[in-house]
Amino acid sequence: MDAAIEDQIAIRAVVDNWVLWSDSGDWERFATVWHDDAWMTATWFQGPATEFQKARRAGFERGVNIIHFLGGSTVEVAGTRAIAQTKMTINQRATVDGVEVDAVCSGRFYDFFAKRKGRWAIVRRQPIYEKDRLDPVTPGAKLELDAALLARFPEGYRHLGYLQTKAGFTVKLGLPGVRGPEVAKLYAEGAAWLAGAAGPGIPL
C-alpha cells in the first residue's frame, strides 16, 4: 500500500478512536489519541489535552450527556505532519428550565496531527461550528428561550451555547464557523503547520 494512504488511514483511525473512546468512557485508551503537548478547544473548555481528558471524565462520571457522530474526512499529509478535517455532530442532552432537550450541532473537527516515534496523534483540535438546533425530547413540550441570552452566541453554536450556559458551563465566544475571520485564521494556521511552522498556531 502507498505510504501516504497508510498515513491517511492511520490518522482517520485516531479520529474515530477519539469519539468512540471518549463517548464510552474508555479513558486509558482515550489518552493515546493525543501527543503529550496537545491542546484542545471546545465551547466549554480550552486548554491542554491532559486537562481536557480530566474534565471530560469528570463530566461523564457526573452524568453530563455529550456524544459525537462522525461523517466524511479529508486528510492532508506533509511528511510527519497532517491536517485532518472530519464532518461531525455534537449531541448534548440536558434539562433547560425544567424541560429535557437535545442540542445538536453540526460542524467539523479540524485536527493538527504529528507523527512522532512512528505514531500519529493529535497536537491540536479546533472544532468548526457550522449550525445547530435545540429540540425538546418530549413531543409537545414547550421551551421558552431567553432571546438576549441566545443572541450572545455565534450562529454556529448558538443553541449549544445556550444549553451549556444554562447547565453551568462557561461558553467561549468567537470560535470558528462556516465563514469569517476566525475560520480564515484557522485555515492559515493549518497551512503554516503543513509548511513547517514551529507550532500548530495560536489556539482560539
By average Cβ neighbour count within 10 Å, what is the ranking of 162-171, 101-110 from highest down? 101-110, 162-171
Cβ-derived FRET efficiency at R0 41 Å, Asp135 paired with Ile202, nearest 0.05: 0.70
In whole percent, what relative contact order does the chain give with Cα contacts below 8 Å and a gap of six or more residues? 18 percent
Helix 3-24: inclination vs the chain longest Cα principal axis, degrees, rounded to 10, gives 30 degrees
Rounded to whole Hz and in sequence order, give me ³J(HN,Hα) for the stretch 170-177 from the Karplus expression 6.51 cos²θ - 1.76 cosθ + 1.60, θ = phi - 60°, writing x for Gly and Pro. 9, 9, 7, 8, x, 7, x, x
Relative to the longest principal axis of the chain, what angle (0 to 90°, nearest 10) does the C-alpha long axis of helix 181-194 take? 20 degrees
Note the count of lysine pairs whose C-alpha atoms are less than 26 angstrom apart in the stretch 113-204, limited to pairs 8 or more residues apart or on different chains. 7
Over the residues of the stretch 144-204, compute the C-alpha Rg and express it relative to 2.2 N^0.38 Å. 1.43
Cα axis of helix 49-61 to longest principal axis of the chain: angle in degrees, 0 to 90, nearest 10? 40 degrees
Taking amide H atoms as placed 1.01 Å from N in the peptide plane, list the residues 5 or more away in sequence, or in a different chain, whose amide H sits under 5 Å from that of Ala167. none
How big is the antiparallel share of DSSP beta bridges in the chain, given as a percent to the nearest 5? 95 percent
As I understand it, the dipole of the stretch 49-94 uses +1 on the Cβ of Lys and Arg and -1 on the Cβ of Asp and Glu, about the Cα centre. Which of Gln85, Gly71, Thr50 lies farthest toward its positive end? Thr50
Once both label points are put 7 Å beyond Cα along the C-beta direction, the Glu144-Thr74 separation in nm becomes 4.6 nm
Once phi is turned into θ = phi - 60°, what whole-Hz ³J(HN,Hα) does the Karplus curve with 6.51, -1.76 and 1.60 give for every residue of the stretch 96-111, x standing for Gly and Pro? 10, 6, x, 10, 6, 9, 10, 9, 10, 10, 9, x, 9, 7, 10, 10
So how do 140-149, 60-69 stack up, highest first, on mean other-Cβ count within 10 Å? 60-69, 140-149
Under 20 Å from a point 7 Å along the Cα-to-Cβ line of Asp16: which residues of the stretch 99-129 have their amide N that close? 108-115, 119-123
Once amide H atoms are placed 1.01 Å from N in the peptide plane, what residues at a sequence separation of 5 or more from Val96, or on another chain, have their amide H within under 5 Å of its amide H? Val101
In the chain, if the dipole is taken from +1 on Lys/Arg beta carbons and -1 on Asp/Glu beta carbons about the Cα centre, which of Ala94, Ala167, Ala38 is farthest to the positive end? Ala38
Could you tell me the distance between the Cα centroids of the stretch 161-204 and the stretch 82-121, to the nearest Å? 13 Å
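Please work out how much length the chain gains when fully extended from Ala192 to Glu6, using 0.36 nm per residue of separation minus the C-alpha to C-alpha distance, in nm with one decimal.
Numbers: separation 186, 0.36 × 186 = 66.96 nm, distance 2.31 nm.
Contour length minus Cα-Cα distance gives 64.6 nm.
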Contour minus Cα-Cα span, Ala184 to Asp97, at 0.36 nm per residue, comes to 27.7 nm
To the nearest 20 debye, what is the magnitude of the charge dipole of the chain about its Cα centre, counting +1 on the Cβ of each Lys and Arg and -1 on the Cβ of each Asp and Glu? 280 debye
If you average 1/r over all unlike Cα pairs in the stretch 22-116 and invert the result, what Kirkwood radius do you get in angstrom? 14.9 Å
What's the whole-number percent of alpha carbon pairs in the stretch 85-204 lying beyond 17 angstrom? 61 percent
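Just so you know, all these numbers are worked out from the coordinates, no wet-lab data involved. This structure is a prediction, so every number in the text was calculated from the model and none was measured. Positions of Cβ are generated from backbone atoms using ideal geometry, with glycine treated the same way; all protein chains shown enter the neighbour counts.
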